[in-house]
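Student: This is the structure, below, for whatever I ask next.
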Amino acid sequence: MEQIELNVSPRTVIGKRIGALRRSGSVPAVLYGRHQEPVHLQANDRELMKVLVKAGSSHLVALRIAGEAEPHMALVREIQREPIKGNLWHVDFYGVSMTEEITVEVPIRYEGTSPAAALNEGILTYGSDTIEIECLPGDLIDAVVINLSGLLKVGDAIHVSDLKLPTTVKVLTNPDDLVVRVTHLAVEEVEAPVAVAAAVTTLAEPEVIKKGKTEEEEEAEEKEKK
Amino acid sequence: MLMPKRVKWRKQQRGRMTGKELRGVEVVFGDLGLQALEPCWMTQRQIEAARRAIVRFVKRRGKMWVRVFPDKPVTQKAAETRMGKGKGAVDHYVAVIKPGRIILEIGGLDEATAKEALHLASYKLSIKTQIIGRRDLMAGGGE
């Protein structure tokens with residue numbers, strides 16, 4: 001597995017002054033782990049973005065903190081973004097020990113095309129996008145690649161148990177969980193303009209949730225008293 | 001049309017729509033999504049019209065998700081009524097939309113078709129929107 005490196009520096013700016021840091025082209029980050037104290041960091045936003053695209057959530061990143069000789073091996077745990085432009089707001093790194101097993105969500109990637117979907121006989125319905133695995137950090141895999149060319153007819157499916165993974169990796173996701181299935185095409189919706197017009201003119205009132213006891217409850221209570 | 005089945009209170013105060021949305025801002029179910037860039041009260045009719053525009057265009061292919069629900073009642077006084085005498089009757093329901101909110105998602109289609117479908121749906125809405133993809137934390141993609 002190719003090693004991805006990121007140069008970061010310790011961060012002294014915390015709290016409300018973070019806005020100025022972001023405007024200057026840096027992204028705040030934090031490194032934490034099981035056997036280490038949390039460290040506030042900052043990284044160049046362009047460099048960080050390149051690393052995030054390359055590494056994803058299941059590739060180790062060697063964090064080179066300015067002033068420290070040894071790099072810290074870490075996984076990208078969480079990314080916070082500005083909701084509209086998608087600019088990075090904050091990144092969490094999870095420091096790992098190379099001798100301890102870790103649990104990681106690995107993305108599922110698809111290759112090839114399903115003959116059933118290509119012929120418009122059905123559509124592909126996807127289950128989970130990721131599977132959970134447990135392994136040593138050194139044995140991590142970037143992604144699980146699935147070939148869709150085996151899905152020949154409607155009803156054909158691939159489950160987690162069908163995935164081929166290295167023996168060093170233990171799958172934690174339920175083996176019966178669906179990954180991808182060919183399902184029937186959706187039923188075409190027939191428009192009913194008359195019904196819609198009626199619905200528009202008479203807006204049905206929703207039921208109001210009443211406080212206190214209902215009549216049935218009161219009756220039941222009275223019976224109990226008797 | 002979309003509207004609540006049960007409500008705790010029949011009428012609501014208007015409220016404010018300041019700031020950006022912080023939840024429901026990522027495409028999570030489909031491949032592409034329609035994101036609001038302005039705040040608005042999106043009526044149940046607008047949501048239904050946008051949904052129908054997509055259904056008509058994609059026919060039986062793909063899958064669509066409506067990520068907003070009109071749960072806020074809007075009242076309207078009857079025409080030529082003098083002021084006072086209490087709040088008007090519930091006229092329709094709206095979804096409160098703030099910038100960043102994903103309104104619709106679409107999946108299982110090629111990119112060009114999905115974009116065209118969302119583009120057609122955007123004409124049914126009264127605000128500026130943008131089409132965005134997934135920003136997953138996934139190696140080699142999503143960014």
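Student: Can you tell me which residue is modelled with the lowest pLDDT among those in segment B:58-76 that are exposed (fewer than 15 other Cβ atoms within 10 Å of the Cβ) and in a loop (DSSP other than H, G, I, E, B)?
Tutor: B:60
Student: For residue A:111, state whether it is farther than 28 Å from residue B:26 by Cα and assigned by TED's automatic domain parsing to the domain that holds residue A:179.
Tutor: Judged against the criteria, residue A:111 is not a match.
Student: If residue B:81 satisfies all but one of (1) open to solvent by less than 70 Å² (accessible area, probe 1.4 Å); (2) farther than 30 Å from residue A:126 by Cβ; (3) at pLDDT 95 or above, what's the number of the condition it fails?
Tutor: If we test residue B:81 against (1) open to solvent by less than 70 Å² (accessible area, probe 1.4 Å); (2) farther than 30 Å from residue A:126 by Cβ; (3) at pLDDT 95 or above, just (3) comes out false.
Student: Return a yes/no flag: does segment B:35-57 have any residue that is exposed (fewer than 15 other Cβ atoms within 10 Å of the Cβ), within 21 Å of residue A:124 (Cα to Cα) and either modelled with pLDDT of 95 or more or not polar (S, T, N, Q) (or both).
Tutor: Yes, there is a match, as at least one residue in segment B:35-57 is exposed (fewer than 15 other Cβ atoms within 10 Å of the Cβ), within 21 Å of residue A:124 (Cα to Cα) and either modelled with pLDDT of 95 or more or not polar (S, T, N, Q) (or both).
Student: Filter segment A:98-127 down to residues that are loosely packed, with under 15 Cβ neighbours inside 10 Å, of a type outside the set (S, T, N, Q) and part of a strand (DSSP E or B), then give me how many there are.
Tutor: 1
Student: For the structure I just gave you, tell me whether residue A:133 is aliphatic (A, V, I, L, M) and open to solvent by 10 Å² or more (accessible area, probe 1.4 Å). So that I can check it myself, show each step before the final result.
Tutor: Details: aliphatic (A, V, I, L, M): yes; open to solvent by 10 Å² or more (accessible area, probe 1.4 Å): no.
Considered against the rule, which asks whether it is aliphatic (A, V, I, L, M) and open to solvent by 10 Å² or more (accessible area, probe 1.4 Å), residue A:133 comes out as no.
Student: Here's a follow-up. Hey, any hits in segment B:17-26 for a residue that's touching a residue at least 24 places away in the same chain (Cβ under 8 Å), open to solvent by less than 80 Å² (accessible area, probe 1.4 Å) and on the phi > 0 side of the Ramachandran plot?
Tutor: Taking every residue of segment B:17-26 in turn, at least one turns out to be touching a residue at least 24 places away in the same chain (Cβ under 8 Å), open to solvent by less than 80 Å² (accessible area, probe 1.4 Å) and on the phi > 0 side of the Ramachandran plot.
Student: Something else: Please enumerate the residues belonging to segment B:51-69 that are in contact with a strand residue (DSSP E or B) (Cβ under 8 Å, 6 or more places away or on another chain), of a type in the set (D, E, K, R) and under 19 Å from residue B:123 (Cβ atoms).
Tutor: B:51, B:67
Student: Here are the criteria: (1) part of a loop (DSSP other than H, G, I, E, B); (2) touching a residue at least 24 places away in the same chain (Cβ under 8 Å). Tell me which single one residue B:82 does not satisfy.
Tutor: Only one criterion in (1) part of a loop (DSSP other than H, G, I, E, B); (2) touching a residue at least 24 places away in the same chain (Cβ under 8 Å) is unmet by residue B:82, namely (2).
Student: Given the conditions (1) assigned to a loop (DSSP other than H, G, I, E, B); (2) farther than 30 Å from residue A:81 by Cβ; (3) open to solvent by less than 10 Å² (accessible area, probe 1.4 Å), report the number of the one that residue B:93 does not fulfil.
Tutor: So the condition that residue B:93 fails would be (1).
Student: So, of the residues in segment A:65-90 that are aliphatic (A, V, I, L, M), farther than 21 Å from residue A:105 by Cβ and surrounded by 13 or more Cβ atoms within 10 Å (Cβ to Cβ), which turns out to be farthest from the chain's Cα centre (by Cα)?
Tutor: The residue in question is A:65.
Student: Can you tell me which of A:8, A:30 is assigned to a strand (DSSP E or B) and in contact (Cβ under 8 Å) with a residue 60 or more places away in the chain? Explain how you work it out, then say what you get.
Tutor: Numbers: A:8 fails: in contact (Cβ under 8 Å) with a residue 60 or more places away in the chain.
After applying the criteria, what remains is A:30.
Student: Report yes if some residue within segment A:100-119 is within 18 Å of the chain's Cα centre (by Cα), away from chain B (no Cβ under 13 Å) and acidic (Asp, Glu); otherwise report no. Reasoning before the result, please.
Tutor: So the first thing to find is which residues in segment A:100-119 are within 18 Å of the chain's Cα centre (by Cα), and the list is A:102-110.
Subset that is away from chain B (no Cβ under 13 Å): A:102-103.
Keeping just the survivors that are acidic (Asp, Glu) gives none.
Scanning segment A:100-119, I find no residue that is within 18 Å of the chain's Cα centre (by Cα), away from chain B (no Cβ under 13 Å) and acidic (Asp, Glu), so the answer is no.
Student: Continuing with this model, one more query. Quick one: which residue in A:182, A:144, A:169 is surrounded by 13 or more Cβ atoms within 10 Å (Cβ to Cβ) and in contact (Cβ under 8 Å) with a residue 40 or more places away in the chain?
Tutor: A:182
Student: Can I ask one more? Considering segment A:187-217 alone, what residues qualify as being open to solvent by less than 90 Å² (accessible area, probe 1.4 Å), assigned to a helix (DSSP H, G or I) and either modelled with pLDDT of 70 or more or in contact with a strand residue (DSSP E or B) (Cβ under 6 Å, 6 or more places away or on another chain) (or both)?
Tutor: Within segment A:187-217, the subset open to solvent by less than 90 Å² (accessible area, probe 1.4 Å) is A:189, A:191-192, A:195-200, A:203-204, A:206, A:208-209, A:212, A:214.
This time we only want the ones that are assigned to a helix (DSSP H, G or I), so: A:195-200.
If the condition is that a residue be open to solvent by less than 90 Å² (accessible area, probe 1.4 Å), assigned to a helix (DSSP H, G or I) and either modelled with pLDDT of 70 or more or in contact with a strand residue (DSSP E or B) (Cβ under 6 Å, 6 or more places away or on another chain) (or both), then no residue fits.
Student: Specify which of the listed residues (A:138, A:95, A:150) is open to solvent by less than 60 Å² (accessible area, probe 1.4 Å) and over 23 Å from the mean Cα position of the chain (by Cα).
Tutor: Details: A:138 fails: over 23 Å from the mean Cα position of the chain (by Cα); A:95 fails: over 23 Å from the mean Cα position of the chain (by Cα).
The unique qualifying residue is A:150.
The values are calculated or read from the model by the stated rules, or taken from the named source; none is laboratory data. Quick caveat: nothing in here was measured; it's all calculated off a predicted structure. Ideal geometry is used to build each Cβ from the backbone, glycine not excepted, and the neighbour counts take in all protein chains shown. Areas reflect the complete protein model, heavy atoms only, side chains present, ligands, DNA and RNA absent. Shrake-Rupley method; radii C 1.70, N 1.55, O 1.52, S 1.80 Å.
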